[in-house]
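Reviewing the structure listed below.
The values are calculated or read from the model by the stated rules, or taken from the named source; none is laboratory data. What you see is a predicted model, and the numbers here were worked out from it, not measured in a lab. Backbone-built Cβ (ideal geometry, glycine too); neighbour counts: all protein chains shown.
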Amino acid sequence: VSTYLNPQFENPAFGPQQYYVAGNVMEGVSNPEGPVGPFVGMKVRGSQDAPVTVPEPFFPHYVKTHTATDAFDDVLADVGCNVPVLDDHDQRVIEETRAGAATYRGSKSGLPGLPDSQDDVGGWEDYPVIHRPADWDTDGDGLPNKWEKEKGLQPDDASDGTRDPDGDGYTNLEDYLNWLAAGNALD
């Protein structure tokens, strides 16, 4: 891809298009913070009455932002099938992403790092079968008995998984999944 941003000026009645660009990391650009670096790959077509790029943000940030490097590291630290541990394929993809190199190519596309089939990367992972104790989820609603008891639900009533007693728009099962996604775990 040689064009990352393609501003086009079609109707001056809507005013000029302007962009503030900073903090990007672009492979192959040695100085992305220099005067040209942030705009490499930008093509401007048409005429404009004002500069396309501006040196300062338009307004203060109201959200926490991260540098491109920090965001890259944050994503790779918590991506993939990582509970309880990363599987072999996700571990390989994370390592390849950090190294900037791909081990496999797609069998149809030939593109590096973009498999077209599980066979392109050695097939499906051989996951062991894990059996939980019979009293882990007695009613089979997907909610562990321990969690149901902590939340005042009935471990022997399968229908409570689909209920929304607090009226927040999420079923009890969704509440449990959101609880897990927030980093919680049962002891």
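For this structure, a couple of remarks:
- Residue in the stretch 67-79 that is in a loop (DSSP other than H, G, I, E, B), at pLDDT 85 or above and among the polar types (S, T, N, Q) present: yes
- Test: residue in the stretch 103-118 that is loosely packed, with under 10 Cβ neighbours inside 10 Å, part of a loop (DSSP other than H, G, I, E, B) and touching a residue at least 12 places away in the same chain (Cβ under 8 Å): no
- Restricting attention to the stretch 129-166 and to residues that are small (Gly, Ala, Ser) and assigned to a helix (DSSP H, G or I), the residue that is farthest from Ala185 (Cα to Cα) turns out to be Ser159.
- Any chance Glu96 is part of a loop (DSSP other than H, G, I, E, B), in contact (Cβ under 8 Å) with a residue 12 or more places away in the chain and within 30 Å of Ala71 (Cβ to Cβ): no
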